[in-house]
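The values are calculated or read from the model by the stated rules, or taken from the named source; none is laboratory data. Being a predicted model, the structure only gives us computed values, none of them experimental. A quick note on method: Cβ atoms are made from the backbone with ideal geometry, for glycine too, and the neighbour counts reach across all protein chains shown. Ligands, DNA and RNA are stripped out before the accessible areas are found, and what is left, the full protein with its side chains, is counted by its heavy atoms. Shrake-Rupley method; radii C 1.70, N 1.55, O 1.52, S 1.80 Å.
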Amino acid sequence: MENINRVVTLGQFIIERQKEFPYSKGQLSRLLRDIGIASKIVNREVNKAGLVNILGDAGATNVQGEDVKKLDVFANEQFIAALNAGGECCAVASEEDEDIIPIYSEISKDAKYVVLIDPLDGSSNIDVNVSIGTIFSIYRRTSFNGPGTLEDCLQPGSEQVGAGYVVYGSSTMLVYTTGHGVNGFTLDPSIGEFCLSHPDMRIPENGTIYSVNEGNYVDFPEGIKKYIKYCQEPDKKTKRPYSSRYIGSMVADFHRNLIKGGVFIYPATGKAPEGKLRLGYECNPLSFIIEQAGGKSTDGFNRILDLKPKTLHQRTPVVMGSKNMVEKVEEFLRTYSPVKPVEYFIG
Ligand code: AHG
Ligand code: MN
Ligand code: MN
C-alpha cells in the first residue's frame, strides 16, 4: 500500500518510547496511559459544559435525577479514580484537596510514582466557552513502601520524571515530556484517540507575544512595569511592539506561547508577594516542558525547577517561555527590582 499516512496514537507512541527507559518495567508508560484515558472522560464533560443550564446547575439535580457536579470537582474525581485504579501511583496531590491522597491497595502496593495535578486549570473560563486545561507532574517516590507520603510530593521540579498538560480548546490536545523532548497529540473525536500531531515541539528562542494580566499593573514590581513598557515601544530590530495576549487559563496561554514563541509572566504583586500560581502542579510541570522544548522558566531570579517546595500548595512568581525573552525580563528585574519580595528557598 502506498501513501497511507500512518496515524500514531498516544498509546502506540508511549509503547514505542518505552525503550528510552531500558530498566523500566513500563509503569510510567501505564501511568501516562491512565492519565490520557481520564482526560478523554473529562474532555467529554467539558464539551457538555454549556448544556449545564438546561440539564441543571452545578450543585443541583439534572433532569435524569443525577447530581450535577462542578467541572473542577468532576475532573478531580476522574483523575484520582484513574490513578487509584491504575496501580502505578501511590499518592496524588491535587489543587482541589488540602492534603495528599495516599493510595495503597493490592494492585498498587508496588506503585513507584506520585502525581501532582491541577485537574482543571482556568476554571473561571468554563462558563464562557474559553479554553481550559489539566496540568500534571510525575515523580518517582522517595519513600520505600506503603502509601506515598507528603515528602514524596515535595521534591524539587528537577526530580520530575514526567509532566504534561491537556488543553480543552478548539481541539483537545495532550502534550507531555518524560525528559526526552516534548510531543503533542490531538484528540480525534471520531476515533476517540489522541494522535501524534506535534512531534518534537520546540519553542522559538525569540517571540513577539507577552502574556500578563495587565489589570494588576500598578501592583507589579518596577522591573515588570518597565518590561511591559519595553514590549510596547516600537523597534524594528526586535520586532516591537510585541502583541499582548492573555487568556487567563495558564495552560492555554502557555500552549500558544510554546508554539508561537512568547513570554508568560505571573509576577509577585504587592497584594500577593509570592505570586498566584502554584509551584507543584502549575509551574513545575510547565517549566519541565518548556525547558525540554528549549525554553526557560524562572521566578524572575531563580530556575523554577531548582526551588525546594516547603508546602503542597506553595505559590511562586513565574516568568516562562522563549529563552531570550525570559532573560530580558530577568535583566529588567535585576536592574529595577533587585530586592526580591519574599525570601526564596533554593534546593
Ligand atoms: P485555576 O483555575 O486552576 O485556579 O487556575 C487559574 C490560574 C491560571 O490558569 C491563570 O493563568 C491565572 O489563574 C489567571 O489569574 P488572573 O485572573 O489573576 O490573571
Ligand atoms: Mn490552575
Ligand atoms: Mn484548577
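Could you pull out the residue among 340, 310 that is modelled with pLDDT of 95 or more, assigned to a loop (DSSP other than H, G, I, E, B) and in contact with a Phe, Trp or Tyr (Cβ under 9 Å, 6 or more places away or on another chain)?
When all the criteria are applied, what remains is 310.
So which of 103, 126 is at pLDDT 95 or above and among the hydrophobic types (A, V, I, L, M, F, W, C)?
Just a single option satisfies the conditions, and that option is 103.
Any idea how many residues of the stretch 126-167 are among the hydroxyl-bearing types (Ser, Thr, Tyr) and within 16 Å of ligand 3 (Cβ to nearest atom)?
4
Within the stretch 262-278, work out how many residues are part of a strand (DSSP E or B) and over 24 Å from residue 150 (Cβ atoms).
4
Return the total of residues in the stretch 70-122 being open to solvent by less than 10 Å² (accessible area, probe 1.4 Å) and among the hydrophobic types (A, V, I, L, M, F, W, C).
15
What are the residues in the stretch 101-125 that are of a type in the set (Asp, Glu) and more than 16 Å from ligand 3 (Cβ to nearest atom), if any?
106, 110, listed by residue number.
Among the residues of the stretch 87-123, which ones are of a type in the set (Ser, Thr, Tyr) and within 10 Å of ligand 2 (Cβ to nearest atom)?
Within the stretch 87-123, just 123 meets the criteria.
Just checking, does the stretch 112-125 include any residue being farther than 25 Å from residue 245 by Cβ and of a type in the set (Gly, Ala, Ser)?
Within the stretch 112-125 (the criterion being farther than 25 Å from residue 245 by Cβ and of a type in the set (Gly, Ala, Ser)), the answer is no, since none of the residues qualifies.
Starting from residues that are in contact with a helix residue (DSSP H, G or I) (Cβ under 6 Å, 6 or more places away or on another chain) and of a type in the set (Ser, Thr, Tyr), keep the ones in the stretch 98-133 and report whichever is nearest to ligand 1 (Cβ to nearest atom).
123
Just the residues that are under 16 Å from the mean Cα position of the chain (by Cα) and free of Cβ contacts under 8 Å to residues at least 40 places away in the same chain, please, taken from the stretch 285-327.
291, 296, 297, 298
Before we move on, is residue 87 within 25 Å of residue 179 (Cβ to Cβ) and modelled with pLDDT of 95 or more?
Considered against the rule, which asks whether it is within 25 Å of residue 179 (Cβ to Cβ) and modelled with pLDDT of 95 or more, residue 87 comes out as yes.
Could you list, in sequence order, all residues of the stretch 252-272 that are farther than 23 Å from residue 133 by Cα, open to solvent by 50 Å² or more (accessible area, probe 1.4 Å) and not basic (Lys, Arg)?
Passing the criteria: only 270.
Run residue 281 past the list (1) within 16 Å of ligand 3 (Cβ to nearest atom); (2) in a loop (DSSP other than H, G, I, E, B) and report the number of the one that doesn't hold.
Result: residue 281 fails condition (2) only.
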